[in-house]
Amino acid sequence: MPRILNIGSINLDEVFSVPHFIRPGETMTCRSYERFVGGKGNNQSTALGRAGAEIHHAGKIGQDGHFAVELLAKNGVDTSRVRTAEVPTGRALIQVDEQGQNCIILFGGANRAITREDVDSFLDGWGKGDAVLFQNEIASLSYAMEEARKKGLRIYFNPSPADELLADLPLDAVDCFILNEVEGAMLSGLEAGSAGSAGLSAPGASAEVDAMLAALRRRFPGAELLLTLGASGASHENPDGTRVSVPARRVKAVDTTAAGDTFTGYFIAARLRGESPQAAMEEATAAAAICVQKPGAAASIPFRTELAG
């Protein structure tokens with residue numbers, strides 16, 4: 001089974017349970033407060049580890065984040081490439097409403113202290129036959145993607161958070177994009193009203209999915225495309241245009257914070273084992289359905305043994 005390196009973020013998540021997302025000028029008393037380890041990089045490495053992949057995590061923390069690295073290691077993640085910076089560990093302030101939906105404010109912290117020299121050390125010893133995973137939460141990302149391409153690694157990219165920094169990345173280096181509808185809208189250039197989050201989240205929105213995947217295919221003709229669609233499931237398209245889709249599982253969501261990261265980690269782990277895109281999506285969907293029924297980020301990601309139940 002190929003090994004995978006995740007050069008990604010590690011955050012400390014502060015979660016506030018609220019009746020509704022706070023409005024401008026409003027002061028609200030939250031119903032509960034909890035602190036978890038998170039960050040999209042950390043969450044996806046945790047999901048890969050719990051799914052049984054050979055996963056190595058590279059990144060940076062502050063002096064306040066060593067316990068987060070210990071948790072990664074307990075989940076089967078090789079953490080020998082995690083460095084300590086002279087700035088605090090990244091933070092996420094998360095509101096979770098009564099429907100289990102969330103909104104998040106990020107502070108980059110040590111994630112934004114990753115240098116080119118760090119990247120060189122992270123990638124030392126990696127090459128053809130290996131894979132690498134990136135998100136959009138660290139510094140020196142463009143350099144890291146270019147160096148990974150030079151070494152012949154298979155590049156998986158989850159372009160989250162979707163922001164203006166994506167325009168500066170060498171996206172033609174990516175072998176497989178894993179995107180939700182917001183990220184897909186940004187990279188495809190489609191307006192949110194035509195094939196954005198509102199349209200794609202609605203059951204039966206096949207025309208919107210077709211439009212988005214077609215636009216993404218024109219821009220990235222050689223890449224695999226995996227589009228996650230919330231309640232409408234997920235669709236995968238190979239460079240030759242072969243497409244498969246799977247429905248979402250119907251469960252009562254408690255907290256959706258790490259659902260996308262769980263899906264990403266489980267999908268990649270299954271693909272590294274040689275499973276088909278459809279089989280990989282089905283396993284990833286089952287894992288994400290378990291995740292959303294628990295509070296927290298990394299703590300809510302299931303072990304693969306839980307899927308059998």
Mind checking which residues of segment 150-161 are crowded, with 17+ Cβ neighbours inside 10 Å and not hydroxyl-bearing (Ser, Thr, Tyr)? Leu153, Arg154, Ile155, Phe157, Asn158, Pro159
Which of the residues belonging to segment 290-309 are farther than 18 Å from Val37 by Cα, over 17 Å from the mean Cα position of the chain (by Cα) and either crowded, with 17+ Cβ neighbours inside 10 Å or at pLDDT 90 or above (or both)? Arg304, Thr305, Glu306, Leu307
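Among the residues of segment 47-89, count how many are of a type outside the set (A, V, I, L, M), in a loop (DSSP other than H, G, I, E, B) and under 22 Å from Thr264 (Cβ atoms). Outline the logic, then answer.
Step one: list which residues in segment 47-89 are of a type outside the set (A, V, I, L, M), which gives 49-50, 52, 54, 56-57, 59-60, 62-67, 70, 74-76, 78-81, 83-84, 86, 88-89.
Then keep just the ones that are in a loop (DSSP other than H, G, I, E, B); that gives 52, 62, 75-76, 86, 88-89.
After this cut, where a residue has to be under 22 Å from Thr264 (Cβ atoms) as well, the list is 52, 75-76, 89.
Adding up the residues that qualify gives 4.
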Evaluation of Val18 against (1) surrounded by 15 or more Cβ atoms within 10 Å (Cβ to Cβ); (2) under 22 Å from Gly265 (Cα atoms); (3) among the hydrophobic types (A, V, I, L, M, F, W, C) (one fails), failing number: (2)
In segment 218-236, is there at least one residue being in a loop (DSSP other than H, G, I, E, B), touching a residue at least 60 places away in the same chain (Cβ under 8 Å) and either surrounded by 20 or more Cβ atoms within 10 Å (Cβ to Cβ) or under 21 Å from the mean Cα position of the chain (by Cα) (or both)? no
Scanning segment 128-143 for residues that are over 15 Å from Glu54 (Cα atoms) and not hydroxyl-bearing (Ser, Thr, Tyr), the one nearest to the chain's Cα centre (by Cα) turns out to be Gln135
Val254 being over 25 Å from Asn136 (Cα atoms), part of a loop (DSSP other than H, G, I, E, B) and touching a residue at least 12 places away in the same chain (Cβ under 8 Å): yes
What number of residues within segment 166-178 are within 12 Å of Phe134 (Cβ to Cβ) and either free of Cβ contacts under 8 Å to residues at least 12 places away in the same chain or part of a helix (DSSP H, G or I) (or both)? 3
Enumerate the pairs (first residue in segment 19-45 and in contact (Cβ under 8 Å) with a residue 12 or more places away in the chain and within 30 Å of Gly76 (Cα to Cα); second residue anywhere and among the β-branched types (Val, Ile, Thr) and surrounded by 13 or more Cβ atoms within 10 Å (Cβ to Cβ)) with beta-carbon separation below 6 Å, excluding pairs fewer than 6 apart on the same chain, so at least 6 apart or on different chains. Glu34/Val15; Gly39/Ile10; Asn42/Ile10; Gln44/Thr264; Ser45/Ile55; Ser45/Val77
Could you grab the pairs with beta carbons closer than 6 Å, sequence gap of 6+ or different chains, first residue in segment 153-164 and in contact (Cβ under 8 Å) with a residue 24 or more places away in the chain, second one β-branched (Val, Ile, Thr)? Leu153/Val132; Ile155/Val132; Ile155/Val174; Tyr156/Ile268; Phe157/Val174; Asn158/Ile178; Asn158/Thr264; Ala162/Val182
Residues that are crowded, with 20+ Cβ neighbours inside 10 Å and within 15 Å of Cys176 (Cα to Cα): does segment 241-260 have at least one? no
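The values are calculated or read from the model by the stated rules, or taken from the named source; none is laboratory data. In this text the structure is predicted, and so the values were computed from the model without any measurement. Cβ atoms come from the backbone with ideal geometry, glycine included; neighbour counts cover every protein chain shown.
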